[in-house]
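The structure appears right after this line, and notes come after that.
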Amino acid sequence: MKSFLVLGAALVATPAAGETLRDAVATDMPSLMAIYRELHANPELSFEEVKSAARMAAEVRKLGFEVTTGVGGHGVVAVMRNGPGPTLLIRADMDGLPLTEQTDLPFASKVKAIGAGGVATGVMHACGHDTHMTAWIGAARRLASMKSQWSGTLVMIGQPAEERVAGAKKMLDDGLFTRFPKPDTVIAFHDTSGLPAGVIGYTDGPALANVDGIDIKVRGVGGHGAVPQLTRDPIVLGARIVTSLQTLVSREISPFDTAVVTVGSFHAGSKRNIISNEANLQLTVRSYTPEVRAHLLEGISRIARGEAIAAGLPDELMPVVTSDGESADATFNTHDLTMRLAKVFADRFGKDRVKAIQASTASEDFGVFYLTDKSIQSLIFWVGGVPQAKWDEAKGDISKLPSLHSPFWAPDAETVIATANEALTAAALDILAKH
């Protein structure tokens, strides 16, 4: 199999005369699907992407890129200089998720690892980063073989730890924009469970949300459940905090602004007749604008303290509100680049396969590249992954379909990879077009 893959890469390096981009992508798909199955079966958790990074680095090194590994952890930076012109960065993320796969695919992951909390877990590419890496390799092959059609500098990065919203910043801190050519434009794609396979979605402006992980330690005075009057019950106080937090969005944020405050975890107590000393809440907070974000974070602290005062707790037992350190800024698609590439995609794939879609309250750290220097043009677009037959059966009702981060997520990988490969390549050829 290994010799076949090397031969396949050599064969696709130079397209035949008259061969279109789509033809070249199709010719390359058997080789790319072998890589995809390999990556899918061998996912790695955030900050542990050793094999994935090595695979990506090896693929682009033999195409003639200048390759540096170990950037910001296991990050890969591949540079191809091809004359005067702008600098374009194309990103793919590499990490998997701590989930036990339940897709029943013949190449399903059986990998086990120790997660961040020290607990043994299955590992799965439940967010589609395996399709991202594979399409990235495909686009690198296409652009290396089409150097006569573009001019400028191409920087392709394999980014670690996107699922921990930390890898982009670590690469920047390790000199991504100083040790290597600084981009004028950054692009990436993400597969999605919200569109049928092969449909491209884009959003002009805010595309993905600010995210803040907040922990609230609710303190009380424990004791016997039979004599609650001698205690200050942190479970009751925690429940009141949870209820009051709902008013932050419903009564303090304009209906025209997006805001989400979700309490995803509430842990307290050990036995039914013991009132504990402590309850712990874990929240995820989503927004698009700095103003709404600041209001939500201030409001969480205010409500936690206010409910504690109402419960009669002294100052020394006020709730402790902290950030869990896995926060990310909103991802913003710049208008000019978004509309320019939306037209490129529509001209290439047809208007029925390119759609303007609503922003998502999910989060990414791709937006860090733009926020580091707002003169950079930035776009992340979506490529639908739901197999067409399943989309039709559900009549487009995504609540009936597995989502990203589901152990059942099994995209139509071949369609995702072929579409994204062609889209990334077409976008690069437009951005780096010779004048």
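The values are calculated or read from the model by the stated rules, or taken from the named source; none is laboratory data. What you are looking at is a predicted structure, and each value in this text was computed from that prediction instead of being measured. Methodologically, a virtual Cβ is constructed for each residue, glycine included, from the backbone with ideal geometry; neighbour enumeration extends over all protein chains shown.
Looking at the stretch 372-387, which of the residues that are surrounded by fewer than 19 Cβ atoms within 10 Å (Cβ to Cβ) and not acidic (Asp, Glu) is nearest to residue 402 (Cα to Cα)?
Applying the filter and picking the extreme gives 387.
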Scan the stretch 167-196 residue by residue and report those that are buried (at least 23 other Cβ atoms within 10 Å of the Cβ) and part of a loop (DSSP other than H, G, I, E, B).
176, 183
Given the options 155, 199, 221, name the one that is under 30 Å from residue 402 (Cα atoms) and of a type outside the set (S, T, N, Q).
199
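Table: residues versus (1) under 18 Å from residue 163 (Cα atoms); (2) in the same structural domain as residue 160 (by TED's automatic domain parsing); (3) part of a loop (DSSP other than H, G, I, E, B).
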| position | (1), (2), (3) |
| --- | --- |
| 67 | no, yes, no |
| 76 | yes, yes, no |
| 101 | yes, yes, yes |
| 104 | no, yes, yes |
| 107 | no, yes, yes |
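Please enumerate the residues belonging to the stretch 399-434 that are polar (S, T, N, Q), over 11 Å from residue 385 (Cα atoms) and within 20 Å of the chain's Cα centre (by Cα).
406, 421
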Residue set 337, 341, 296; condition assigned to a helix (DSSP H, G or I), out of contact with any Ser or Thr (no Cβ under 7 Å at 6 or more places or on another chain), closer than 30 Å to residue 256 by Cα and at pLDDT 95 or above; output residue 341
For residue 251, are the conditions met, namely being of a type in the set (Lys, Arg) and free of Cβ contacts under 8 Å to residues at least 12 places away in the same chain?
yes
Return a yes/no flag: does the stretch 317-334 have any residue that is farther than 14 Å from residue 218 by Cβ, without any contact (Cβ under 8 Å) to a residue 40 or more places away in the chain and out of contact with any Pro (no Cβ under 7 Å at 6 or more places or on another chain).
no
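Could you please let me know if residue 204 is within 30 Å of residue 395 (Cα to Cα), at pLDDT 95 or above and buried (at least 24 other Cβ atoms within 10 Å of the Cβ)?
Answer is no for this residue.
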Spot the failing condition for residue 210; the list is (1) buried (at least 21 other Cβ atoms within 10 Å of the Cβ); (2) touching a Pro at 6+ places or on another chain (Cβ under 7 Å); (3) over 30 Å from residue 84 (Cα atoms), and only one is missed.
(2)
Would you confirm whether any residue within the stretch 312-324 is at pLDDT below 95, in contact with an Asp or Glu (Cβ under 9 Å, 6 or more places away or on another chain) and not aromatic (Phe, Trp, Tyr)?
yes
Take residue 363 and tell me if it is surrounded by fewer than 17 Cβ atoms within 10 Å (Cβ to Cβ) and either farther than 28 Å from residue 211 by Cα or not hydrophobic (A, V, I, L, M, F, W, C) (or both).
no
